[in-house]
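Just below is one structure, and these are the notes that go with it.
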Amino acid sequence: MKKHTLYKIYYDENLVYLGRTNQPISTRLRGHFFDKPMHKKIDINQVTKIEISELKTEADMFIYEIYYINKLKPTLNRDDKSRSEVTINLPELKFEEFYPPRMEVWKKEVENREKQAIKWHQEQEEWAKRKRQARRSMSSDDYSNWLEIMEGVE
């Protein structure tokens, strides 16, 4: 049976994102943490709490998502957020705290990806610096030859 889940993500005590999913909650959260398409990017290292509530129907899930986004105004939610206040009250849902079983593994994976990205950018900056230095110290022909050789090596 398909689950219809609303989830809240907090940084410290601040609700920053409210979402919905019919996927397993861990799959959906991983998409946020790894910046997958159609997922709002969430900084896994700032997450202090995740809460979930399962609803009986997909329609209920849709209604409550928009209701809570407009009632609670999570900072990272942009879609379906109105500037006006909610004037209706729905029965409150019970949310339970949820900790993804692979959260620590994901944190390490995100950290490794960030380190790789930093290293790649540093290498690109170093290569650009080397090219500028070579360009200043060589004739056009020598630079073209040097560049051809160096790009073949790397």
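Are any residues in segment 21-50 closer than 19 Å to residue 101 by Cα and either of a type in the set (Lys, Arg) or assigned to a helix (DSSP H, G or I) (or both), and if so, which ones?
Within segment 21-50, 25, 26, 27, 28, 29, 30, 31, 32, 33, 49 meet the criteria.
Here are some residues: 119, 94, 131. Which one is touching a residue at least 24 places away in the same chain (Cβ under 8 Å), open to solvent by 50 Å² or more (accessible area, probe 1.4 Å) and of a type in the set (D, E, K, R)?
94
Report yes if residue 138 is modelled with pLDDT of 90 or more, over 31 Å from the mean Cα position of the chain (by Cα) and open to solvent by less than 90 Å² (accessible area, probe 1.4 Å), otherwise no.
yes
Applying the selection to segment 52-87, what residues are of a type in the set (Asp, Glu), open to solvent by 30 Å² or more (accessible area, probe 1.4 Å) and not in a loop (DSSP other than H, G, I, E, B)?
Correct list: 54, 58, 60.
Counting just the residues of segment 18-36 that are more than 22 Å from residue 108 (Cβ to Cβ) and not small (Gly, Ala, Ser), which one comes out surrounded by the fewest Cβ atoms within 10 Å (Cβ to Cβ)?
This residue is 22.
Read through the list (1) over 25 Å from the mean Cα position of the chain (by Cα); (2) under 22 Å from residue 39 (Cα atoms), then give the number of the only condition that residue 106 fails.
That leaves (1) as the condition not met.
If a residue must be in a loop (DSSP other than H, G, I, E, B) and either of a type in the set (Phe, Trp, Tyr) or at pLDDT below 95 (or both), how many such residues does segment 88-114 contain?
6
The values are calculated or read from the model by the stated rules, or taken from the named source; none is laboratory data. Given the structure is predicted, the values throughout are model-derived calculations rather than measurements. Note that each Cβ is placed from the backbone with ideal geometry, even for glycine, and that neighbours are counted across all protein chains shown. Ligands, DNA and RNA are excluded from the accessible area calculation, which covers all protein heavy atoms including side chains. Shrake-Rupley method; radii C 1.70, N 1.55, O 1.52, S 1.80 Å.
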